[in-house]
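Working notes, structure below.
What follows draws every value from the coordinates through simple rules; no lab data is involved. These numbers come from a predicted model, not from an experiment. In this analysis, Cβ positions are derived from the backbone assuming ideal geometry, glycine residues included, and neighbour counts consider all displayed protein chains.
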Amino acid sequence: MSTNFTISSLVTSNEPPSVTALPSPLLEELIQRIEQRTMMLFGTERRHHLLTTLSSRSRLVGNGDVQSYIQKVLSPTGDVEFMSLIDVLTINETSFFRNVPQMNLFSRVAIPEIVARRRNQKGQTRLNVWSAACSTGQEAYTLAILANEALRFVPAWDVRVFATDISPTVLEVARRAVYPKARLDTTPPEILSRYFDDLGDEIRVKEVLKQMTTFQTQNLKESFSPMTYDVIFCRNVMIYFSREDQAKLAQRFRERLTPGGFLFIGHSESLQGLNVDLQLRLQEGGVAYQRPA
């Protein structure tokens, strides 16, 4: 990790003096600690976001002095605030039914293939889906809706969506399951009435979806559970990792996929050159990777 980073090159003139005068080695130590815990990489844009966040957090929980705040976060007693800082850095806005071509591939290709394979093998009739880095839960509930719709008339199938994120804050929002109605303004009325309660300007996910979906804290850098999944979604996360960490994560995802299972990553992400035994699938206008059956 280079320590030649110049604070003044990334801050604007209206930044508080405590940020512009921040010692580079102290900032680099904090960045290294965050990268070790989360696998995030700090390019120029993310450093901008970090500096802004440090300034706001130092005012919120201290006297506004960023240097003192970082020293507190790095101290042996600073782990609680360190995790709060990571919370803020990793929070991102998401939406229902994001990237329709991928959702079509999931519901029209992946699920029917999995059902047919299990029928031929007389295997279990349970669909396990993992929404990794699920943020505030819209992706997880979308997957539950699409899976339930695809399997509504298939006898005896059980759908389970396991959703994880590093941030306890966003998981609280996900479990509450109440969202602005505007987030679903293009959703078909029959889907709205079947899976959501109308609260006026907000909508609430119905109990049938909540029962299908489990939310847990998970750091993707730490060891995964031994559970296997038929489908894994981890979108727009790997783009922030080093190529080495991308390869490690992709391999761990492959190990957790059932034979013939599908991995969905962000549209700007790729497994090319990572030497992971997953096959590219291009169907329904969407992109996914599949473990050989």
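The lysines within cross-link reach of Lys72, meaning a Cα-to-Cα straight distance under 26 Å and a gap of 8 or more places when in the same chain, are Lys221. Structure remark: mean-square fluctuation, Gaussian network model of the chain, C-alpha springs under 10 Å; the largest value among Thr53, Thr136, Thr213 belongs to Thr53. The helix-based estimate of mean residue ellipticity at 222 nm for the chain, built from -39,500 (n - 2.57) per DSSP H run of four or more residues and divided by its residue count, is -12500 deg cm²/dmol to the nearest 500. Computed from the Kirkwood radius of its Cα pairs, the Stokes-Einstein diffusion coefficient for segment 144-276 at 10 °C and 1.306 mPa s stands at 94 µm²/s. Report for the chain the percent antiparallel among DSSP-assigned beta bridges with both residues inside it, nearest 5. Percentage antiparallel, nearest 5: 40. Calculated from the structure at hand, semi-axes √(5λ) of the Cα gyration tensor in Å is found among [x] 36, 22, 17; [y] 38, 23, 16; [z] 29, 28, 15 as [y]. Per the Kirkwood formula applied to alpha carbons, segment 128-167 shows a radius of gyration over Rh ratio, Rg over Rh, of 1.05.
Residue ranges 57-68, 270-281 sort as 57-68, 270-281 when ordered by packing (mean number of other C-beta atoms within 10 Å per residue, highest first). What translational diffusion coefficient, to the nearest whole µm²/s, does segment 181-241 have by Stokes-Einstein, given a Kirkwood radius computed over alpha-carbon pairs, a temperature of 25 °C and 0.890 mPa s viscosity? Diffusion coefficient, whole number: 165 µm²/s. What is the angle, in °, between the Cα long axis of helix 111-121 and the longest principal axis of the Cα atoms in the chain? Nearest 10 is fine, range 0 to 90. Approximately 60 degrees, to the nearest 10. On full extension, the segment bounded by Lys122 and Phe153 gains 9.3 nm, given 0.36 nm per residue less the C-alpha separation. In degrees between 0 and 90, to the nearest 10, how far off the longest principal axis of the chain does helix 243-256 point, with axes built from Cα atoms? Helix 243-256 sits roughly 30 degrees off the main axis of the chain. Model label points for Thr53 and Val100, set 7 angstrom from Cα along the Cα-to-Cβ axis, are 3.3 nm apart.
Between 0 and 90 degrees, the angle of helix 24-38 with respect to the longest Cα principal axis of the chain falls at about 20 degrees. Quick check on segment 240-293: take the gyration tensor over C-alpha atoms, sort the square-rooted eigenvalues as a ≥ b ≥ c, and tell me if it's rounded (a/c under 1.5), prolate or oblate. Oblate. Listed by chain and number, the lysines placed with their C-alpha closer than 20 angstrom to that of Lys181 are Lys206, Lys210; residues fewer than eight positions away on the same chain are left out. You can think of it this way: the chain between Asn63 and Leu192 has 41.8 nm of extra reach, that is 0.36 nm per residue less the Cα-Cα gap. With contacts taken as Cα pairs under 8 Å and at least 6 residues apart, segment 134-248 reaches a relative contact order of 30 percent.
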